[in-house]
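Engineer: This is the structure I have questions about; it appears just below.
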Amino acid sequence: MILSRYSVSRFFATLLAVCAIPSLGWAAKPVIDSSTPEGRLLERVRTENDLSKKLMLLELFPDLFPSSSLMDYAFGEMQARYQQAGKFEKALAAGKNSLVLNPNNLAAACLNWRIAADMKDPALTATWMMKAGTIAEKVLTTPDPDMSQATRDCGTSALQANETESYKNAFTAKNPAERIKLLEAFLATHPQTTHAADIEVAVFVAYREQGDTAKALAAAEKLVTHNDTREDAMLLVAESYFRSAKDPGTVLSLSRKAIDRLSKSPKPEGMSDADWARNKTAELTQANYMIGSVNFQAEKWDVADQAFRAALPNLTDPRFRAEVLSSLGWANYKLKNVSDSIKFYIDCTNIPGPFQQAAAKTLNTITAEYRIK
């Protein structure tokens, strides 16, 4: 039985405290030749302390020197100074102009991310975060040695934030088929992700939601080799092996692990107390039934007796209840617990079905053997 304990809140808090990103110092300053007209204008900009006048001088640059190699730097200065002045729309526009001239300008993308955060616009912030991350993915592989540390740090943060956002979108997809597709694509794109173990569980759960038993079982078989936190996966594999009479040792091992896990695990977040109690009882019953059956076949009567007794109170299906009562009757007969054996066989004879007649015959044999009337 699947327990839907996967909580989105377990994985996703705030993506990034963008307010901690510094506002200035993104780009390395180029060497400016003050003997040229554009160089002299930029020198005046550098020495001007009045922010309004500095911006006025910068605004002249694109009109006076549209073909200058320093245009990118000028737009970067405008972007930073407009942000400093609180003119966020103009700052964003200057950053966009820098990126038109240099699509790999991580400094411009990062500062626009910072500006969008200052504007308290979530959609715009997400857009520029993604843009910065996309550029960072290209340029941080072999970063320019002149790139500032602020820009490197921002690029790394953007990459991490984009990865988290991409993972969140995949993990929270409502359609299980789409969720599997997105999670597997994410894993292929981020093979070193720290979310690999969580993705493995999420894919297993999605296949269960889809009702794809074969793929869910394959995912569970892979999962249980190294993950002891999912009793639902353990029991799915154990039940499959049990029904096919395959590897009884694994059936016992996984069933016992599931019982141990259920005895320790807290109620899953988002599940009602009643649902948790019902699911926990069903899974414990399933595990004990398999342990009892495997040990009964191995003629380990004491272990079978203990497991079947644990399963019996919650068996509501008459066929399974009759089977367990019959097995308990025989196990206790072999253990010389005659009174208990007789009691279990009597209870079994009261359930119509395939075990009723055999239980009555065995009961007569035992009472005759021990001369009980």
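The values are calculated or read from the model by the stated rules, or taken from the named source; none is laboratory data. Keep in mind it's a predicted model, so treat the numbers as computed, not measured. Cβ coordinates were reconstructed from backbone atoms using ideal geometry, including for glycine residues, and neighbour counts include every protein chain displayed.
Engineer: Quick one: count up the residues across region 188-209 that are surrounded by fewer than 18 Cβ atoms within 10 Å (Cβ to Cβ) and not polar (S, T, N, Q).
Structural biologist: Matching residues across region 188-209 total 7.
Engineer: Which of the numbered conditions does residue 32 fail, given that it passes all the others? Conditions: (1) loosely packed, with under 14 Cβ neighbours inside 10 Å; (2) outside any helix (DSSP H, G or I); (3) of a type outside the set (Asp, Glu).
Structural biologist: Of everything listed in (1) loosely packed, with under 14 Cβ neighbours inside 10 Å; (2) outside any helix (DSSP H, G or I); (3) of a type outside the set (Asp, Glu), residue 32 misses just condition (1).
Engineer: I would also like to ask the following. Helices (runs of 4 or more DSSP H) wholly in region 41-160 with at least 2 residues that are within 22 Å of residue 190 (Cβ to Cβ) - which ones?
Structural biologist: 106-118, 122-139
Engineer: What number of residues in region 169-204 are over 18 Å from residue 137 (Cα atoms), touching a residue at least 24 places away in the same chain (Cβ under 8 Å) and not in a helix (DSSP H, G or I)?
Structural biologist: Of the residues in that region, 2 qualify.
Engineer: So, one more: Is there a residue in region 211-219 that is at negative phi, part of a loop (DSSP other than H, G, I, E, B), assigned by TED's automatic domain parsing to the domain that holds residue 107 and out of contact with any strand residue (DSSP E or B) (no Cβ under 9 Å at 6 or more places or on another chain)?
Structural biologist: no
Engineer: Does residue 245 count as surrounded by fewer than 16 Cβ atoms within 10 Å (Cβ to Cβ), under 25 Å from residue 348 (Cβ atoms) and small (Gly, Ala, Ser)?
Structural biologist: The answer is yes for residue 245.
Engineer: Suppose we filter 324, 251, 338 for residues that are free of Cβ contacts under 8 Å to residues at least 60 places away in the same chain, surrounded by 21 or more Cβ atoms within 10 Å (Cβ to Cβ) and over 30 Å from residue 222 (Cβ atoms); which single one remains?
Structural biologist: The match here is 324.
Engineer: Take region 77-89 and flag every residue that is without any contact (Cβ under 8 Å) to a residue 24 or more places away in the chain and either buried (at least 18 other Cβ atoms within 10 Å of the Cβ) or among the aromatic types (Phe, Trp, Tyr) (or both).
Structural biologist: 78
Engineer: Could I ask something else about it? Which condition number does residue 212 fail, the rest of (1) surrounded by 15 or more Cβ atoms within 10 Å (Cβ to Cβ); (2) at pLDDT below 95; (3) out of contact with any helix residue (DSSP H, G or I) (no Cβ under 7 Å at 6 or more places or on another chain); (4) not basic (Lys, Arg) being met?
Structural biologist: Of (1) surrounded by 15 or more Cβ atoms within 10 Å (Cβ to Cβ); (2) at pLDDT below 95; (3) out of contact with any helix residue (DSSP H, G or I) (no Cβ under 7 Å at 6 or more places or on another chain); (4) not basic (Lys, Arg), only one is false for residue 212: (2).
Engineer: Another question, if that's okay. Could you list, in sequence order, the residues of region 239-271 that are hydroxyl-bearing (Ser, Thr, Tyr) and modelled with pLDDT under 95?
Structural biologist: 263, 265
Engineer: Filter region 341-355 down to residues that are surrounded by 15 or more Cβ atoms within 10 Å (Cβ to Cβ), of a type outside the set (Ser, Thr, Tyr) and in contact (Cβ under 8 Å) with a residue 24 or more places away in the chain and give me whichever is nearest to residue 297 (Cα to Cα).
Structural biologist: 355
Engineer: Right, next: Filter region 132-185 down to the residues that are among the hydrophobic types (A, V, I, L, M, F, W, C) and under 18 Å from the mean Cα position of the chain (by Cα) and list them by number.
Structural biologist: If the condition is that a residue be among the hydrophobic types (A, V, I, L, M, F, W, C) and under 18 Å from the mean Cα position of the chain (by Cα), then 161, 170, 171, 173, 177, 180, 182, 183, 185 are the ones that fit.
Engineer: Would it be correct to say that residue 372 is in contact with a Pro (Cβ under 6 Å, 6 or more places away or on another chain), over 19 Å from residue 302 (Cβ atoms) and not in a helix (DSSP H, G or I)?
Structural biologist: no
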